[in-house]
Amino acid sequence: MTEPVPFGTSAATGPGSQHPIRRLLRNPFGLASLIVLTAIVFVAILAPWLAPFDPNASRPELTNVAPFTSDYVLGGDSAGRDVLSRLIWAARSTMLASLTVLAVSLVIGVVAGLLAGYYGGVVQAVTNWVSDAVLALPGVVLLIAMYAVLGPNILLAMAVYGVLVSPIFYRLVRGVVAGVRHELYIDAAKVSGLGDARILFRHVLRAVRSPVIIQSAFILGTAVGIQAALEFLGLGSPRDASWGGMLDLAFRNIYVDVSGVVWPAITVTVVVLAFVLLGNALRDALDPSSKRRTLTGRQAARLRSQAVSHNAVPDEVVPDDVDTDVADPDDGVIGDTPADAVLSVRDLRVGYPAGMATFRDVVQGVDLDVRRGEIVGLVGESGSGKSQTAFAVLGLLPRNAVVIGGSVRFDGIEILQQKGRLQAVRGSRIGYIPQEPMTNLDPTMTIGKQLVYGLRAVRHISRAEAETRLIDLLHRVGIPDADEVTRRYPHEISGGMAQRVLIAGAVAPDPDLIIADEPTTALDVTVQAEVLDLIRELRDERGLAVIMVTHDLGVVSDLCDRVAVMREGRIVESSPTVEFFGGPGHDYSRELLHAAAELG
Amino acid sequence: MIRFALRRAAFSVLLALGVSFATFVLVFSNGTAIARAILGVDATDEQVQALAHEHGLDRPVLVQFGEWLGGVLQGDLGVSYYTGEAVTDVVTSRVPVTLALLGIAMFFTAVLSALLGIASAVAGGWADRLLQMVALVGTAVPNFIVAIMLVMWLAVSARIFPATGFVPLEQDPGRWALSLALPVAAVVIASVGPASQQFRGAVKDVLERDFVRTLRARGIKPRAIVFRHVFRNAAGPGVIILGLQIIVLMGGVVVIERVFALPGIGELTVNTSLLGDIPVVMGCVLFIIVVVVVVNLAADVVNAAINPKVRQR
């Protein structure tokens, strides 16, 4: 197997192997927000001992006194009270109110989500409907409107806010539970006779833990902001110290004392920001897989240089030797490039970052030659690296893939990792036919528009010329009402029709090589045969070279001149089709053939 | 297309009705409390009961809702408990301010968040991470604090803009714009963060779809793929995102109007709630619900016009 190999100098102690809490603490934002929030919690708990003055005690001589000039360290408000003491006491009510929001929304959201996700059906339909309705309510406005009913009771208002945000938890939990419900271990637990309630708590609660913790941080942050806003609007209790209330008072007084708004504004901002950043850091720490890792340029370069040294002494570094499984050199494929090769791939190596600190090679030194007019079948089971090889040749690997090494020469010119040269040959000289026809056309454009646009992007011809050429070609690939089809949108045609359109699009610029990635897999059997005939005919007419990526040996025997068998990122056999079916040289090929015979 | 629009419109009316009902029930759930809020803590229970009876607040909530809805259908939202003015008149007089604030803020939110979101998704790398961080901070800081800071720096300290107050458009367009500049800025600064992240997500989703890879394989230049194909496909989700953003904007507008003393719906809602003038409050809530529903209906219809596939559903 392709063992995930650690990369970089810190491989052994990479973040992937760490406990989530350590990952959280290593994140500077996570650590900073944890420190801030812990401090706030301590201040809230210890308010009676920390606050230098009674928050409601008024000393008229210190009204609006500037910060750092008197006993009132942060100054006095317009009623002669100590700003610092009020800030400290307000931390209490803020923490209490935010926890109320969290508790209410958690209880309602999680319980409803567990029940709806577990039972599904009518229960879920009803709770979904209620949840959607609650989410459509204008939350802040509703809280303001309910002031007459709720009175100046901020805890009650925040409890109502908790109800209003509970659908966030509901949706989260329902989604996770519905997924888990279908997994085997729940069934197994059912069989073993555990009661429904115990199943819910033991298995499902564990699965929803991480997303709920992450979301809680965001909810707490929002709650602090909303509470301050309501109090700022005058909907809180006027007696109790609150950050929003302090802002309100200071703002009314802003022409007398500009600095008054600064302290409560900074406090609220810092606390809300700390919760949001903590939520973000928690997401990275608890759910590292949610972030697809992309190597930086430097990491990729280091990886390449490591790969070069691996090649220099393969036996010492790579336990599963690169060269032993490769086909015999004397069948003419592995040696020098044949003179009439249009494409020549040498020692191509591609890998992906896997997890946080490891790296997985998916293509491990592939050699492949394609001559003019030749159809080469690239076969292997899924995950053998055949599609990755095709994408690497086209320069269309996903962003996080890394080409570790090798060479791809098209018509004698190196194109691997050469952006400009790839751009020059893609479309015009190398065509591509994708696997899944329905998702490979732009759904917002008519067929005709996107075909004409694609052709004119690589061939300097007039619109009318392009249209004529494409209509002819659509007739040629078996679409009789080509005019009509060009006016349709992709969702208005069948899969077989879409695949013909894609073939026409690939062939239209008259390329030398076509790379077809399982072009028949998504089609039904009769259409499959027609598409294969079409590819063969186009080869005969135009002298096209074709790489046929497939896992279907029937397709290979029907169409291909030569077969290259891939397994675990390597080509294990490469021989003419006739010889291959006569008696394959490699054990794996025999297994493949045997399996195919049993199926057929 | 017309059938799609009608179907969505019918759904929107139902939604508006449902949300109005839920709000009404919550607000009117305790008639005595409303009467108590109006009369203050010193009033006797008898006085409170009498007032509740006078305003019909002692009847079942469903009956009150039926009566209110019947009035709404005839364009009658009742009268203010305090001034005796028709609620429709009170609310209508406030609408231009709020719609101006909302419309301009919506426009800038759309343009800025689309630009930032697209740039973030297409650029990737450190630029993407930087924009994500900025958006996160923008999301975290409450909008009224942004507003207060703007007033502090640009109105009170620097005296560039008027701190509070509103000048009607017909009176003086220049000063009208100046009086709206800071409120709009405050709303936009707070809403661009989350909206741009959603745009980023929408564009990233499109960039990862199969047909984009096939277009690249066709030799079409990356820039052309982004402008001609990715934008078209991300436009639909983008419009829907903006439609949903109106709910967030609405909450922001209510608070921002209060900061800048703009005589709009939000300011009216807060003032009348504090007084217990519930008919006016309910009129304001209805206006807000209608705006939210209409904007989302428009978003759905535009989305269907862009994306032919949506119409069939």
- Query: Computed FRET efficiency, Cβ-Cβ of A:A103 and A:K449, R0 56 Å: what is it to the nearest 0.05?
  - Reply: 0.50
- Amide H to amide H, which residues 5 or more places from A:L378 or on other chains are under 5 Å from it, using H placed in the peptide plane? A:M548, A:V549, A:T550, A:A564
- Task: Return the aspartates and glutamates within reach of A:K419: Cα separation strictly under 15 angstrom, same-chain partners fewer than 8 residues apart disregarded; answer none if there are no such residues.
- Result: none
- Inter-part distance where the range A:348-394 and the range B:203-223 are each reduced to a Cα centre, Å: 20
- Query: Within chain B, which DSSP H helices have Cα atoms that stretch 30 Å or more along the helix axis and a mean Kyte-Doolittle hydropathy of at least -1.0?
  - Reply: B:2-27, B:87-123, B:173-207, B:231-259, B:278-306
- Query: Once you put a point 7 Å from the Cα of A:R22 and another 7 Å from the Cα of A:A79, both along the Cβ direction, what distance in nm separates them?
  - Reply: 5.2
- Net charge near B:S80: determine it from the other residues with C-beta under 10 Å of the C-beta of B:S80, scoring Lys and Arg +1 and Asp and Glu -1. -3
- Query: So, with +1 on the Cβ of K and R and -1 on the Cβ of D and E, and no other charges, what is the size of the charge dipole of the protein assembly as shown about its Cα centre, to the nearest 20 debye?
  - Reply: 1560
- Message: I need the phi-derived Karplus couplings for the range A:521-531: 6.51 cos²θ - 1.76 cosθ + 1.60, θ = phi - 60°, integer Hz, Gly and Pro marked x.
- Response: 4, 7, 10, 7, 4, 5, 5, 3, 4, 5, 5
- Query: If we count every other residue with Cβ under 11 angstrom of B:P279's Cβ, Lys/Arg +1 and Asp/Glu -1, where does the sum land?
  - Reply: -3
- Message: Positive end of the dipole of the protein assembly as shown, charges at C-beta (+1 Lys, Arg; -1 Asp, Glu), about the Cα centre: which of B:Q132, A:V527, A:H19 has its Cα farthest in that direction?
- Response: B:Q132
- Two-decimal Rg/Rh across the protein assembly as shown, once Rg and the Kirkwood Rh are taken from alpha-carbon atoms: 1.05
- For chain B, take the alpha-carbon Rg, divide it by the Kirkwood Rh, and send me Rg/Rh. 1.05
- Note on the structure: For the B:V167, A:A66 Cβ pair and Förster radius 25 Å, calculated FRET efficiency rounded to 0.05 is 0.15
- Query: What are the ³J(HN,Hα) values, in whole Hz, obtained from phi via the Karplus relation 6.51 cos²θ - 1.76 cosθ + 1.60 with θ = phi - 60°, for each residue of the range A:139-147 in sequence order, with x given for Gly and Pro?
  - Reply: x, 4, 4, 5, 4, 5, 5, 8, 4
- Euclidean distance of C-alpha centroids, the range A:437-468 and the range A:113-150, integer Å: 47
- Whole-angstrom gap from the range A:73-97 to the range B:92-157, using each part's C-alpha centre: 30
- Note on the structure: Placing each pseudo-label 7 Å from Cα in the direction of the beta carbon, B:A9 and A:I266 end up separated by a distance in nanometres of 5.6
- Quick one: what are the phi-derived ³J(HN,Hα) couplings along the range A:569-583, Karplus 6.51/-1.76/1.60 with θ = phi - 60°, whole Hz, x for glycine and proline? x, 10, 8, 9, 7, 9, 8, x, 4, 4, 5, 4, 6, x, x
- To the nearest 0.05, the calculated FRET efficiency linking A:W129 and B:L115 through their beta-carbon distance, R0 being 41 Å, is 0.65
- Once every Cα of the range A:426-496 carries one equal point scatterer and solvent is ignored, give the base-10 log of I(q)/I(0) from the Debye formula at q = 0.26 Å⁻¹, two decimals. -1.46
- Query: With +1 on each Lys and Arg Cβ and -1 on each Asp and Glu Cβ, how big is the dipole of the range A:447-600 about its Cα centre, in debye rounded to the nearest 20?
  - Reply: 620
- Item | Dipole of chain B [Lys/Arg +1, Asp/Glu -1 at C-beta], most positive-end residue of B:P168, B:G264, B:A217 | B:A217
- Expressed as a whole number, the average count of other chain Cβ atoms within 10 Å around the Cβ atoms of A:129-142 is 6
- Using modelled amide H (1.01 Å from N, peptide plane; none on Pro or chain starts), what sits under 5 Å from the amide H of A:I571, excluding residues fewer than 5 places away? A:D367
- Ranking A:A339, B:Y82, A:G279 by how far each Cα lies towards the positive end of the charge dipole of the protein assembly as shown (+1 on Lys and Arg Cβ, -1 on Asp and Glu Cβ), the top one is B:Y82
- Message: Taking amide H atoms as placed 1.01 Å from N in the peptide plane, list the residues 5 or more away in sequence, or in a different chain, whose amide H sits under 5 Å from that of A:R59.
- Response: A:R81
- Message: Taking a ≥ b ≥ c as the square roots of the Cα gyration tensor eigenvalues, with a/c under 1.5 meaning rounded and otherwise prolate when a/b beats b/c, else oblate, which class fits the range A:430-599?
- Response: prolate
- Query: How big is D for the range B:2-73, in µm² s⁻¹ as a whole number, if Stokes-Einstein is applied with the Kirkwood radius of its Cα pairs at 25 °C and 0.890 mPa s?
  - Reply: 175
- Two-site label geometry, B:M133 and A:Q417: point separation in nm, points 7 Å out along Cα→Cβ: 2.9
- Would you kindly work out the equivalent ellipsoid of the range A:368-486 from its C-alpha gyration tensor and give its semi-axes, the square roots of five times the eigenvalues, largest first in whole Å? 29, 17, 15
- Where Lys and Arg each count +1 and Asp and Glu each count -1, what net charge lies around A:R252 among other residues with Cβ under 14 Å from its Cβ? -3
- Message: Under the rule a/c < 1.5 gives rounded, and otherwise a/b versus b/c splits prolate from oblate, where does the range A:504-543 land using the Cα gyration tensor?
- Response: prolate
- With a cut-off of at most 14 other beta carbons within 10 Å, and DSSP calling the residue loop, which trypsin sites (Lys or Arg not before Pro) in the range B:122-206 qualify? Please list them. B:R159
- Message: In whole Å, what are the extents of the range A:458-500 along the principal axes defined by its C-alpha atoms, from largest to smallest?
- Response: 31, 19, 18
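Here, each number is a calculation from the coordinates, and none is a lab measurement. Quick caveat, the model's predicted, so the values are computed rather than measured. We place every Cβ from the backbone using ideal geometry, glycine too, and count neighbours over all the protein chains shown.
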